[in-house]
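**Q** Right, I'll just put the structure down here and ask away after.
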Amino acid sequence: MLPFILKRLGLALLVAFTVSFISFSLLFLSGDPAAALAGETASGEDIDALRRLYGFDRPMLVQYGEWLWNALRGDFGESYYFKLPVASLIGDRLSVTMTLGVCGITFALLTAVPLGVVAAIRPNSIIDRIALFLSVAGQAMPSFWFGLILIVVFGIQLGWLPPSGASTWRHFIMPTIVLGYYAMPAIMRLTRAGMLEVLNSDYIRTARAKGAGEGRVLFKHALRNAIIPVVSLAAVQMGFMLGGSIVVESVFALHGAGYLAWESIARNDLPTVQALILIFSMFYIIFTFLADVLNAWLDPRMRSS
Amino acid sequence: MAAPQTTDPLLEEISGPTPRQILRKRVRGHTGLLFGLGVVLLLVIVAILAPVLAPHDPYVQDLTKRMVKPVFMGGTWEHPLGTDHLGRDYLSRLIYGARVSLLIGAVAALISGIIGTAMGVAAGYFGGKVDAVVTFLINVRLAMPVVLVALAVVAILGGSLEVVIGVLGLLLWDRFAVVMRASTLQVRRREYVAAAQAIGASTPRVILSEIMPNIVNNLIVIVTLEMAHAILLEAALSFLGLGVQPPTPSWGLMVSEGKNMMLFEPWLVLIPGVVLFILVLAINLMGDGLRDVTAPENRS
Amino acid sequence: MKAVFLKSTAMALAMSVAATGAALADKANDTLSVAFTKELENVDSFFNSSREGVVMQRAVWDGLIYRDPITNEYTGNLATEWEWIDDKTLELKLREGVKFHNGADFTADDVVATVNFVAKEENGVKTQRNVNWMEKAEKIDDFTVRITTKDVFPAAIEFLSGPVSIYPADYYAEVGPSGMGLKPVGTGPYKVVEVVPGQHFVLEKYEGYHDSPKGQPTIQNIDIRTIPDVNTQLAELFSGTLDMIWQVPSDQAEKMAAMGDRFTVLNESTMRVGYLSMDAAGRSGMDPNPFTDVKVRRAVNHAIDRQALVDNLLKGKSQVVSTACFPSQFGCAQDVTSYEYDPEKAKALLAEAGYPDGFSTELYAYRDREYAEAVSSYLNAVGIQTDFKLLQYSALRELNMKGEVPLAFLTWGSFSVNDASAMVSQFFKHGSLDDAQDDQTKEFLDIADSSTDPDTRIENYRKALQRIADQAYWAPMFSYNTNYVMTKEVDYTPTADEVLRFTNMSWN
């Protein structure tokens, strides 16, 4: 087990390193941040001075090395816009995004798993069809549009929920649904497929033949086996969702990390954008790493691959 | 699913259906596939015939006729779906918007398809170091937050059709690579590949004539799904203001422009959103359907 | 069914108050809730360059001098009297007995420290133009200071009553701009009790506020939240969690005004002018460059229906602008060449210039996508195809300075300075932002800018503006306006300088 974890960890670190390099060089190509920094009324000389002050005239690899070294110590530089350390800026906003991500994945699991199980027990039943429809619709629904429609209906028409913001738990209901719905179809399909497979296996037939009750068969034996890949999928989806929260946060004006990323891109605030790309990548890397370890732990055959 | 019985069962019993017949029968019996195919074909025709079908020029503005309501909300047939914030005919913009969405979807899927397939097949066929490198690249790509990276790149290069297509094409190859790698691995172990290699066929030849024909079904399925993915992403980018630029009639952009008046004229958001939803739904149903009919045993 | 559903949205809007229940903000607990649209980068007024920053600055700090926004008269604020003792030296007597929010006494030391800090370029004040005219300040006694300017600078009084606020010396030395941004301390009518950077600011009436020409604040608490989306702002206004919003787009403001007696909608003009800038000097490397031909530039001017833009898009107190300045500015002559809307003439001019089928060009813009789109549509109609590029201000400015922009939709607010030099001289004196690089225009402007005789100035600004209009270097289009929407409980009269003044707000 340990060699597997170490190998997998090494890979994760290498991926993280590569992503950080790609995102740094990508934004480096965006040209000169000095003009953005200087603001509306700066002259050409002001900009030159800033360029030297911040060291933008040095070679890219030197700048990257410095950035990475600092980033490893949790120092992502200073935001061009707020003139505050990026790390402190991201801190509070990340908790909003994390809350949203956890709520979203919980919502997705709580709806997708029961639906998938029922759909598998009764294939082609009305519930199976509803589940299928929900999953097909979910994949086709533009999340920004779904969010707007929810705002109009539940925020304004019915007035049940606050249309945006993040001050109370009620503010998180609609964003949770939109973000969760994004992850739901894949989880549901996998649950259904896994359940179908397990239910048709010899193992379950044996359990049934031994006279185990149907409920016991379903939950003790079948679901427990079918859920393993679902959990690892959920972890991967969680990584994706955090990256996708940028759209949801901007629709609901949630001041999270995704929203900050969008605003920072528009403001040319490179240190913030670089840090956020790296952090979102890290989330994905960490979650997939955890999923792999979990899988390997539950299913020893995986360790060899 | 009850497929309509077209041939005499007795006759079929004797001659046995050809693979093509089986396929045709499966297609006819698959409502999702038929619906998806129908809608996509319809929209392709609409896109091609846009200049004929559109009642007005989608770019001509009339500032005195801004946000005229659609006919079902008390408007007139002059503008069946109303007009936008600059007095441009909404229906005409929707019709031309189909061109933008389909073009972006198709070309982005093509670019990413070429990249992803090349990587996937290479990894699956050669294995070893090549496989390790490709797998690593897939991991790197998956770890990059797509929306965020796409937004940043579009912000740097400026939003235009070409840039958006390019960015999406360069970002969405992961699923191609994953699926093509797995498919190639499967096919590679079959006898006819070994046979071809044994008689000294060159590597490109083996890949092109022995591997590719056997994984092309899977490829088509991924193409459709990624096309839908690209269309949705373009809409999201345009919605966030960093996609296709005005006055190009993109559906995502239309939602974004209508959003300002969402509280007072919600139809401005509703109409392009519904059309976008239907197109993506249809493409997905088509993709799922194709998977079902080409490989029914893999149905999930 | 759908139609009914949609139509009723506006109605539902009005009724959602009851459903959402308890509102945080209202007259009952003496808290006024206001929304900012943009995230304020730093509350320290020397380190931001946004409207929101000016609003905070006027509430939290005071300047030495005060300009009445309606009469434009100067009166003393932290200074009581002032006098030019020579061309470059201004002596000010300071008000006694003023205390900062942290209890420190206001003295000449604070003025000296503030001026000497901000005037130093390396301290990086964001808008250098606001402070770089000052050389230094020196203390004469505890309540007398002298400010020395670098050059003769008659506008000093205007700047001392505007962007230059006085900071507490000891505190500022200790915490610096970022500390000041997080825990601001001033002498102003409101003190800051909470700052969540970029998102949330809570102000409280400063009980010890001196007898200032700004007047005494009446509302106890001001709660400011950043809500970037106008729809959300409107929804919150409906549900009672906001009392006031501003910079509301004209379409929404119109709908709000039509919704009956719950809201007051007020419109006020601003000094901001929207215009098209063309690469007349041929710097952009576009080849062939049509904009170097005066006929093409005139065609562009004829192609745009300015009146339709003002009537249908900008509305309110906006007006058609045909010179390179805001009409109320000193020296902004109106009797110069103007171009009526005439697409046929535009096409004819293009044909004459050798572009019978038009041409294509990049069109850059940095704000108001809707207006830019309408303008590009007018250009398309006469055959000028536009490749539209919406950039951030800083990015566009950089391109512009490098001379790489053939055609751009730009705006300029003149820093609310009521003098033509704040606009026309900013752009037509061969700076890097000058797309015309015209010697004759510069000559006229040099005379106008350096003269102290009003008539000479008027005459030469007129000549310059006539030259610009005749050569059609720009296509000036319209001035902007701002809509203020508030509940009927709030009493406020907006001013034409687009600054919210909490001190002048009260409950009805």
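The values are calculated or read from the model by the stated rules, or taken from the named source; none is laboratory data. Since the model is a prediction, treat every value here as computed from it, not as a measurement. Here Cβ is always computed from backbone atoms with ideal geometry, including for glycine, and neighbour counts include all displayed protein chains.
**Q** Among the residues of region B:257-271, how many are part of a helix (DSSP H, G or I) and facing chain A (nearest Cβ under 8 Å)? Before the answer, list the steps.
**A** Kept after step one, since they are part of a helix (DSSP H, G or I), are these residues of region B:257-271: B:257-259, B:267-271.
Then drop every residue that is not facing chain A (nearest Cβ under 8 Å), which leaves B:259, B:269-270.
Qualifying residue count for the region: 3.
**Q** Still on this structure, I have one more. Kindly list, by first and then second residue, each pair from a residue in region A:238-265 that is on the phi > 0 side of the Ramachandran plot and more than 8 Å from chain B (Cβ to nearest Cβ) to a residue that is modelled with pLDDT under 85 and in a helix (DSSP H, G or I), limited to pairs with Cβ atoms under 7 Å and residues at least 6 apart or on different chains.
**A** Partner pairs satisfying both residue conditions: A:253/C:232.
**Q** From the list C:264, C:292, C:270, pick out the single residue that is within 23 Å of residue C:418 (Cα to Cα), at pLDDT below 95 and among the β-branched types (Val, Ile, Thr).
**A** C:270
**Q** Another question, then. Starting from residues that are more than 7 Å from chain A (Cβ to nearest Cβ) and of a type in the set (A, V, I, L, M, F, W, C), keep the ones in region B:274-288 and report whichever is nearest to the chain's Cα centre (by Cα).
**A** Filtering region B:274-288 for residues that are more than 7 Å from chain A (Cβ to nearest Cβ) and of a type in the set (A, V, I, L, M, F, W, C), the one nearest to the chain's Cα centre (by Cα) comes out as B:283.
**Q** Need the failing condition index for residue C:288 against (1) over 25 Å from residue C:478 (Cβ atoms); (2) touching an Asp or Glu at 6+ places or on another chain (Cβ under 9 Å); (3) more than 14 Å from every other protein chain (Cβ to nearest Cβ), just the number.
**A** With respect to (1) over 25 Å from residue C:478 (Cβ atoms); (2) touching an Asp or Glu at 6+ places or on another chain (Cβ under 9 Å); (3) more than 14 Å from every other protein chain (Cβ to nearest Cβ), residue C:288 is out only on (2).
**Q** At pLDDT 80 or above, on the phi < 0 side of the Ramachandran plot, away from chain A (no Cβ under 14 Å) and assigned to a helix (DSSP H, G or I) - does that describe any residue in region B:21-33?
**A** No, region B:21-33 contains no residue that is at pLDDT 80 or above, on the phi < 0 side of the Ramachandran plot, away from chain A (no Cβ under 14 Å) and assigned to a helix (DSSP H, G or I).
**Q** May I ask you to say which residue of A:166, A:207, A:193, A:186 is under 23 Å from residue B:283 (Cβ atoms) and either surrounded by fewer than 20 Cβ atoms within 10 Å (Cβ to Cβ) or modelled with pLDDT under 80 (or both)?
**A** On the way: A:166 fails: under 23 Å from residue B:283 (Cβ atoms); A:207 fails: under 23 Å from residue B:283 (Cβ atoms); A:186 fails: either surrounded by fewer than 20 Cβ atoms within 10 Å (Cβ to Cβ) or modelled with pLDDT under 80 (or both).
Result of the check over A:166, A:207, A:193, A:186: A:193.
**Q** Shifting gears a bit: Provide a single number: the residues in region C:47-65 that are in contact with a Pro (Cβ under 7 Å, 6 or more places away or on another chain) and closer than 13 Å to residue C:164 by Cβ. Before you say what the answer is, go through the steps one by one.
**A** The first filter runs over region C:47-65 and keeps only residues in contact with a Pro (Cβ under 7 Å, 6 or more places away or on another chain), leaving C:47, C:59-60.
Then keep just the ones that are closer than 13 Å to residue C:164 by Cβ; that gives none.
Looking only at that region, the number is 0.
**Q** Kindly check whether there is at least one residue in region B:165-180 that is surrounded by fewer than 22 Cβ atoms within 10 Å (Cβ to Cβ) and more than 18 Å from the chain's Cα centre (by Cα).
**A** Within region B:165-180, none of the residues are surrounded by fewer than 22 Cβ atoms within 10 Å (Cβ to Cβ) and more than 18 Å from the chain's Cα centre (by Cα).
**Q** May I ask you to say which residue of A:179, A:270, A:254 is over 30 Å from residue C:393 (Cβ atoms) and out of contact with any His (no Cβ under 7 Å at 6 or more places or on another chain)? Don't jump to the end; show me each part of the working.
**A** Numbers: A:270 fails: over 30 Å from residue C:393 (Cβ atoms); A:254 fails: over 30 Å from residue C:393 (Cβ atoms).
Just one listed residue meets the conditions, A:179.
**Q** Can you tell me which residue in region C:350-366 is farthest from the other protein chains (Cβ to nearest Cβ), limited to those that are in contact with a Leu (Cβ under 9 Å, 6 or more places away or on another chain) and among the charged types (D, E, K, R)?
**A** C:357
Residue-wise test of (1) out of contact with any Gly (no Cβ under 7 Å at 6 or more places or on another chain); (2) among the hydroxyl-bearing types (Ser, Thr, Tyr).
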residue: C:349; (1), (2): yes, no
residue: C:354; (1), (2): yes, no
residue: C:371; (1), (2): no, yes
residue: C:393; (1), (2): yes, yes
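**Q** Would you call residue A:152 of a type in the set (Val, Ile, Thr), at negative phi, buried (at least 18 other Cβ atoms within 10 Å of the Cβ) and without any contact (Cβ under 8 Å) to a residue 60 or more places away in the chain? Working first, answer last.
**A** Numbers: of a type in the set (Val, Ile, Thr): yes; at negative phi: yes; buried (at least 18 other Cβ atoms within 10 Å of the Cβ): yes; without any contact (Cβ under 8 Å) to a residue 60 or more places away in the chain: yes.
It is true that residue A:152 is of a type in the set (Val, Ile, Thr), at negative phi, buried (at least 18 other Cβ atoms within 10 Å of the Cβ) and without any contact (Cβ under 8 Å) to a residue 60 or more places away in the chain.
**Q** Need the failing condition index for residue A:139 against (1) modelled with pLDDT of 80 or more; (2) under 25 Å from residue A:255 (Cα atoms); (3) not aliphatic (A, V, I, L, M), just the number.
**A** Result: residue A:139 passes all but (2).
**Q** Considering only region A:84-92, I want to know if a residue exists there that is in a loop (DSSP other than H, G, I, E, B), out of contact with any Cys (no Cβ under 7 Å at 6 or more places or on another chain) and within 14 Å of chain C (Cβ to nearest Cβ). Working first, answer last.
**A** Here is the first cut: in region A:84-92, the residues in a loop (DSSP other than H, G, I, E, B) are A:84.
With the extra rule that they be out of contact with any Cys (no Cβ under 7 Å at 6 or more places or on another chain), the set shrinks to A:84.
Then keep just the ones that are within 14 Å of chain C (Cβ to nearest Cβ); that gives A:84.
Yes, that holds for at least one residue.
**Q** Being surrounded by fewer than 21 Cβ atoms within 10 Å (Cβ to Cβ), in contact with a strand residue (DSSP E or B) (Cβ under 8 Å, 6 or more places away or on another chain) and more than 14 Å from chain A (Cβ to nearest Cβ) is the filter here; which residues of region C:367-385 pass it?
**A** C:368, C:371, C:380, C:383, C:385, listed by residue number.
**Q** Moving to a separate point now. Could you identify the single residue in B:179, B:163, B:130, B:121 that is assigned to a helix (DSSP H, G or I) and within 14 Å of chain A (Cβ to nearest Cβ)?
**A** Details: B:179 fails: within 14 Å of chain A (Cβ to nearest Cβ); B:130 fails: within 14 Å of chain A (Cβ to nearest Cβ); B:121 fails: within 14 Å of chain A (Cβ to nearest Cβ).
Residue meeting the stated conditions: B:163.
**Q** From the list C:482, C:503, C:493, which residue is assigned to a loop (DSSP other than H, G, I, E, B) and among the β-branched types (Val, Ile, Thr)? Walk me through how you get there before you give the answer.
**A** Values: C:482 fails: assigned to a loop (DSSP other than H, G, I, E, B); C:503 fails: assigned to a loop (DSSP other than H, G, I, E, B).
Going through C:482, C:503, C:493 in turn, just one is assigned to a loop (DSSP other than H, G, I, E, B) and among the β-branched types (Val, Ile, Thr): C:493.
**Q** Another one. Within region C:209-239, how many residues are more than 14 Å from every other protein chain (Cβ to nearest Cβ), of a type outside the set (Gly, Ala, Ser) and part of a loop (DSSP other than H, G, I, E, B)?
**A** Residues that pass the stated criteria total 10.
**Q** Okay, next question. Just one of A:232, A:264, A:250 is under 19 Å from residue A:184 (Cβ atoms) and hydroxyl-bearing (Ser, Thr, Tyr); which is it? Talk me through it step by step, then tell me what you get.
**A** Values: A:264 fails: under 19 Å from residue A:184 (Cβ atoms); A:250 fails: under 19 Å from residue A:184 (Cβ atoms).
The conditions single out A:232.
**Q** Based on this model, can you work out whether residue C:191 counts as away from chain A (no Cβ under 14 Å) and of a type in the set (Lys, Arg)?
**A** Yes; evaluated as a whole, the condition is true for this residue.
**Q** Among the residues of region B:242-256 satisfying the criterion of being touching a residue at least 60 places away in the same chain (Cβ under 8 Å) and in a loop (DSSP other than H, G, I, E, B), which is farthest from the chain's Cα centre (by Cα)?
**A** Within region B:242-256, the subset touching a residue at least 60 places away in the same chain (Cβ under 8 Å) is B:242-245, B:247-251, B:254.
From the residues that got through so far, the ones that are in a loop (DSSP other than H, G, I, E, B) too are B:242-245, B:247-250.
Details: B:242: 20, B:243: 17, B:244: 17, B:245: 21, B:247: 23, B:248: 20, B:249: 18, B:250: 15 Å.
Here the residue is B:247.
**Q** Looking only at region A:142-165, which residues are more than 10 Å from chain C (Cβ to nearest Cβ) and in contact with a helix residue (DSSP H, G or I) (Cβ under 6 Å, 6 or more places away or on another chain)? I'd like the intermediate steps shown before the answer.
**A** Taking region A:142-165 first, the residues more than 10 Å from chain C (Cβ to nearest Cβ) are A:142-147, A:149-150, A:154.
Within region A:142-165, A:142, A:143, A:144, A:145, A:146, A:147, A:150 meet the criteria.
**Q** Here's another thing I want to ask about it. Counting only residues that are without any contact (Cβ under 8 Å) to a residue 40 or more places away in the chain and in a helix (DSSP H, G or I), how many does region C:286-312 have?
**A** Of the residues in region C:286-312, 5 are without any contact (Cβ under 8 Å) to a residue 40 or more places away in the chain and in a helix (DSSP H, G or I).
**Q** Then there's this: Do the conditions hold for residue C:300, that is, is it crowded, with 21+ Cβ neighbours inside 10 Å, touching a helix residue (DSSP H, G or I) at 6+ places or on another chain (Cβ under 9 Å) and under 21 Å from residue C:461 (Cα atoms)? Please lay out each step first, then the result.
**A** Numbers: crowded, with 21+ Cβ neighbours inside 10 Å: yes; touching a helix residue (DSSP H, G or I) at 6+ places or on another chain (Cβ under 9 Å): yes; under 21 Å from residue C:461 (Cα atoms): no.
No, not satisfied.
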